[in-house]
Amino acid sequence: MVYYNTRPGEKIQLSDQFTNLLLVKGHDSLEFKRHELLSFGQKRIHLQERSRLQMEIKPGQLFMQINDKRAPNITLVSGVAGIGKTVLLQKIVYDWANNDCFNNFEFILQFSFRDLNLINEPTSFRNLVLRKNSHLSKGLNVVFQAAKKLLIILDGFDEFRLCSSLAGDCYITDPDEVGDVVDIIHSLLRGELLMGASILLTSRPTAVSYIPVETIDRFVIITGFSERDIRNFFLKYYQDEEVGGQMFLRVKGNDFLFTLCFVPAFCYIVCSVFKEEQGECQKEPKTMSDIYSRYLTVLLRHHSRPQPTGKEPVTHTLRNLGSLAYSKLLQHNTLFYQHDLQAHSVQLDTLVNSFLDETCVQEPDGAQSVFSFTHFTIQEFFAALHYILEPEPFPDLMNVDTMTEYTIASGFLDIFQRFLSGLLSERNQTLLSKHMELDKATKSESYCHWLLSGIKEHCENGSSILNLLHCLFEQQNDSMAERINPQNVRVHIGDNILTPVDFTVLKYFLDMKIGDLEELDITATNIDSAALRNLQPYLKQCERLCLGWTDIGNNELKELCDALKDNKTLQELWIEGSNADYDGISGFTAIPSTNTTLKKVVLVGHCLREEDLVRLSQSLKPSNLGFLITGFSDDRDQWEGWCDWILQRCQVCDSEKLVYFLIKIFNEFLQNKTFLWMLQWCKELQEILQDRIRKCKTEATRNKLEKLKDTISRHC
């Protein structure tokens with residue numbers, strides 16, 4: 001089996017280069033599952049040693065009984081772009097074929113949502129199988145009859161063009177029953193089709209909210225490489241311990257590159273670039289787009305024929321390839337046929353073959369070649385390249401209305417936007433202009449105006465800003481800070497699992513000091529004590545800190561309380577739904593009132609017993625803190641600020657996050673409780689939801705909003 005990232009002409013066996021990936025198990029309760037899905041975001045999860053000790057599982061354990069819980073039937077493996085989901089599946093099938101894992105399964109049927117996107121007409125599950133496995137025609141009944149010994153692999157749900165239409169009422173119950181592909185997938189996940197079969201589903205986090213979470217028995221997060229794994233990958237890639245070790249130390253000395261290498265696909269590209277640039281004196285790449293631009297130029301130098309007329313033919317080739325990538329990205333397609341290549345004037349040659357994979361599929365009228373970019377991030381990179389090469393790209397994804405229309409799932413265009421920002425930076429424009437025709441002034445200024453206006457607006461209204469900060473980081477232009485000038489600075493990066501790269505990006509922005517930090521919102525993240533220590537200088541600079549629905553516990557609160565003992569800025573601290581108990585929360589009683597500006601602490605939904613509440617209320621009486629809340633009451637004055645904060649969050653959340661945000665509030669805090677102060681508040685929430693329902697263009701999301709509106713109406 002050839003390694004997934006192998007370039008044309010290379011013959012690297014999977015077993016020779018595969019490096020172990022860290023898998024961690026998610027929460028088991030449904031509400032925690034929903035919380036975890038909300039906070040996935042589109043970034044790699046880095047859970048450090050705590051996760052290794054408590055939650056790590058091996059690939060061979062994905063369907064095994066763990067911690068006295070029954071073995072799962074359906075397992076979801078989620079991870080960000082390039083984290084190794086497809087390679088992991090390859091390795092699982094490879095090991096199963098060699099009797100090294102999954103011995104309880106006699107059959108494995110593997111599907112890619114890339115392939116399923118090509119099917120536009122009703123079909124049956126039997127035909128789906130035979131489409132790529134015609135040799136099974138005589139034995140397929142045996143497979144179906146032994147469903148309990150069957151594993152069905154569904155790879156890349158985020159690439160499924162119908163992912164947002166999964167929640168339907170039409171079920172397929174027989175393998176020979178004809179129906180739409182989306183209904184077949186829905187029926188498999190619901191157990192209506194091939195009851196007893198096990199399913200392994202993979203997805204980027206951006207599309208997880210469209211999966212019916214109640215059908216998932218085990219949630220697994222693929223977190224990529226550890227530091228040891230990165231070193232092992234370098235040694236395997238260079239096949240020389242001395243050279244590989246030197247390259248590893250070079251990367252480890254660059255904080256950004258090193259954190260980027262926790263993602264296997266990026267690690268591979270970093271190795272490829274450094275291998276080709278050995279002996280050359282070049283500046284170290286600073287961003288993701290730097291790495292991909294260098295990767296492109298390496299391939300341009302070594303895999304394209306010399307052109308007597310200079311750059312123009314290469315520019316045409318890249319423009320055509322980018323046009324294909326751009327149009328298919330908007331269609332949510334990652335596979336395309338020969339006629340698609342022809343429609344975009346893409347001709348297969350040495351250069352194009354460096355970026356495209358070709359596979360063969362069985363269609364009713366015979367076998368056909370199907371093409372894809374070597375990795376989805378390569379397609380996103382070329383889509384961004386198309387945008388800067390094309391004078392008038394259509395549709396224009398940077399147009400606000402178009403962006404809303406084509407953002408199929410939350411965060412769907414995040415990586416594209418980051419690449420676009422980096423490609424429009426002065427340093428990458430200079431690099432690329434050596435190999436292709438570029439009009440440097442065409443889009444850079446208008447893009448920077450869009451980016452800086454967006455950051456200013458998001459700072460002022462407190463809406464989620466993380467991807468815009470990534471785009472700013474890709475620019476690597478410190479002078480941009482002078483052009484932002486928001487009236488107030490409220491930085492909301494919540495509802496994401498934050499990675500080391502995210503923290504690098506956040507600190508890069510905060511170091512610009514564009515104004516006094518009024519609010520830092522890290523709600524629904526994976527922030528831990530190490531991250532709090534890392535952010536401590538910035539925590540002391542903000543006036544309001546929001547840490548709701550994180551996994552912080554007593555250790556994290558201890559770090560926070562220690563930081564606040566000499567605080568001179570922070571005035572409000574909001575923490576909902578943490579894992580802390582009395583030992584952690586009581587730390588606030590030790591904060592000297594003379595040494596802090598802290599006036600309000602809001603603590604809701606923690607692991608506290610009734611006697612703990614009494615002890616806290618007694619010990620906090622002498623405190624000069626404005627108030628500390630540990631449970632709900634019928635005091636409107638006490639809750640007014642909290643209600644206003646919730647309404648503000650609802651205004652700036654996208655619809656998917658809005659649904660799960662309010663579900664947590666009502667299910668975890670307000671279930672079976674109705675206070676007088678809630679009546680007007682619920683009416684305001686209903687008005688927000690009604691406005692969202694009216695504007696929502698996605699049926700599945702609209703249905704969720706309507707159900708949530710009905711839930712809230714029961715509290716009015």
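So here's what we get for this one:
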item	result
Region 170-196 residues near the modelled A147 label - backbone nitrogen below 13 Å, point 7 Å along Cα→Cβ	172-177, 187-196
FRET E, pair D100, D176, Förster distance 35 Å, beta-carbon r, rounded to 0.05	0.55
Residues D396 and E242, FRET efficiency given R0 of 60 Å [Cβ-Cβ distance, rounded to 0.05]	0.75
Over 23 Å (Cα to Cα) - which of K456/K568; K236/K507; K683/K704; K91/K132; K456/K507 fall in this group	K456/K568; K236/K507
Cβ crowding within 10 Å averaged over residues, with 91-100, 553-562 ranked highest first	553-562, 91-100
Shape of region 502-543, Cα gyration tensor, a/c cut at 1.5	prolate
Anisotropy class of region 72-145 from Cα gyration tensor, a/c 1.5 cut	oblate
Above-threshold pairs, the threshold being 24 Å between Cα atoms, out of K252/K540; K657/K709; K252/K283	K252/K540
Overall form of region 456-644 per C-alpha gyration tensor (a/c, 1.5; a/b vs b/c)	prolate
Relative contact order [Cα under 8 Å, 6+ residues apart], region 87-230, whole percent	26
Protection proxy ranking, peptides 538-550, 413-425, average beta carbon neighbours within 10 Å, highest first	413-425, 538-550
At 1.567 mPa s and 4 °C, Stokes D of region 53-186 from Kirkwood alpha-carbon radius, µm² per second	79
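Where a number appears in this text, it was derived from the coordinates with a stated rule and is not lab data. Bear in mind the structure is a predicted one, so any value in this text is a computation, not a measurement. Methodologically, a virtual Cβ is constructed for each residue, glycine included, from the backbone with ideal geometry; neighbour enumeration extends over all protein chains shown.
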